[in-house]
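Quick notes on the structure that follows.
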Amino acid sequence: MIPTRRAAPMTGPMTSPMTGRRRVGVLISGRGSNMSSLIAAAENPGFPAEIAVVVANRPDAAGLAAARAAGVPAFAVDHKSFANKADFEAAMTEVLEDHEVELVALAGFMRLLSGVFIDRWRDRLINVHPSLLPAYRGLDTHARAIADGALVAGCSVHFVRPEMDAGPVIAQAVVPVLPGDDADALSARVLKAEHRLYPHALALVASGRARVSEDRVIFDGVGFDPDAMLSTPPIR
Ligand code: GAR
């Protein structure tokens, strides 16, 4: 494949000029612990993606400093400083393109994205959500699961579609809901699972082993353990 210096149109993965790893842009709104888990995974030279840039829609997002401390360029694109969503999203895309991003990972990015942005990055835009989708889209997932008496909870990584927290699921992890759990306790348990699951799912996408066909994820060369509580092989 011939290396190219600009972000590609939506026609399949391209190879980054220097390392052959997919260049990933991470969008955050807050503390960025999932972002940090992706950055840490990508520090392994064998990981099939590198984190090229982090963008936060809030200038006070704590994850910006964490990204910079890890040596990753990080920028605030403050949604409040734009007249409309189209201009805000165009500014984010410009930053992503300037950094030759091929895949975009939402990591606690709490703005709904338009169909225009989602189409621009179609099947290259993934999200982590703290529930076993399609259950509990939206906010307060843990409190709702506890209120419903669920015995298991978990997290999902999925390709993004215009409907909130919807799109083909790439990987899920299950955790128990324990007696006496409140939303904070369950959230902490699920977050630990997110930190394992998201790098794993990104690796599947970046390596081309998970891809979308007819709006479902199909897997190439991925083994499944029927007894595992993780929907894809455990991360070593
Ligand atoms: C994570 O739990 C993530 O799943 C959730 O926000 C949190 C961000 O934490 N995302 C959503 O609810 C998206 N619908 P982080 O900033 O520490 O990664």
What are the residues in the stretch 178-218 that are away from the ligand (no atom under 13 Å from the Cβ) and of a type in the set (Ser, Thr, Tyr), if any?
-> Ser207, Ser213
Hits in the stretch 123-149 - residues which are among the hydrophobic types (A, V, I, L, M, F, W, C), more than 8 Å from the ligand (Cβ to nearest atom), farther than 15 Å from Pro162 by Cβ and surrounded by 22 or more Cβ atoms within 10 Å (Cβ to Cβ) = Leu132, Ala145
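Taking the stretch 100-122 as the search range and keeping residues that are part of a loop (DSSP other than H, G, I, E, B) and surrounded by fewer than 20 Cβ atoms within 10 Å (Cβ to Cβ), which one is nearest to the ligand (Cβ to nearest atom)? Talk me through it step by step, then tell me what you get.
From the stretch 100-122, those part of a loop (DSSP other than H, G, I, E, B) are 100-102, 107-114, 121-122; that's our starting set.
This time we only want the ones that are surrounded by fewer than 20 Cβ atoms within 10 Å (Cβ to Cβ), so: 100, 110-112, 114, 122.
Working: Glu100: 24, Met110: 7, Arg111: 10, Leu112: 10, Ser114: 16, Arg122: 19 Å.
Applying the filter and picking the extreme gives Met110.
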If you go through Arg236, Arg189, the only one that is open to solvent by 30 Å² or more (accessible area, probe 1.4 Å), at pLDDT 95 or above and not assigned by TED's automatic domain parsing to the domain that holds Met35 is Arg189
Which one of the conditions (1) small (Gly, Ala, Ser); (2) open to solvent by 60 Å² or more (accessible area, probe 1.4 Å); (3) in contact with a Pro (Cβ under 9 Å, 6 or more places away or on another chain) does Gly180 fail to meet, given that it meets all the rest?
-> (3)
Return a yes/no flag: does the stretch 152-160 have any residue that is away from the ligand (no atom under 13 Å from the Cβ), outside the structural domain of Ala90 (by TED's automatic domain parsing) and more than 13 Å from the chain's Cα centre (by Cα).
-> yes
Taking the stretch 150-177 only, how many residues are out of contact with any Phe, Trp or Tyr (no Cβ under 9 Å at 6 or more places or on another chain), open to solvent by less than 50 Å² (accessible area, probe 1.4 Å) and of a type in the set (D, E, K, R)?
-> 1
Pairs, please: C-beta under 8 Å, at least 6 apart or cross-chain, first residue open to solvent by 70 Å² or more (accessible area, probe 1.4 Å) and in the stretch 213-229, second modelled with pLDDT of 70 or more?
-> Asp215/Pro168; Arg216/Pro168; Gly221/Arg209; Met229/Ala173; Met229/Val174
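The values are calculated or read from the model by the stated rules, or taken from the named source; none is laboratory data. Just so it is clear, the model here is predicted, and its values are computed rather than measured. Every residue, glycine as well, gets a Cβ built from its backbone with ideal geometry; the counts of neighbours run over all protein chains shown. Ligands, DNA and RNA are stripped out before the accessible areas are found, and what is left, the full protein with its side chains, is counted by its heavy atoms. Shrake-Rupley method; radii C 1.70, N 1.55, O 1.52, S 1.80 Å.
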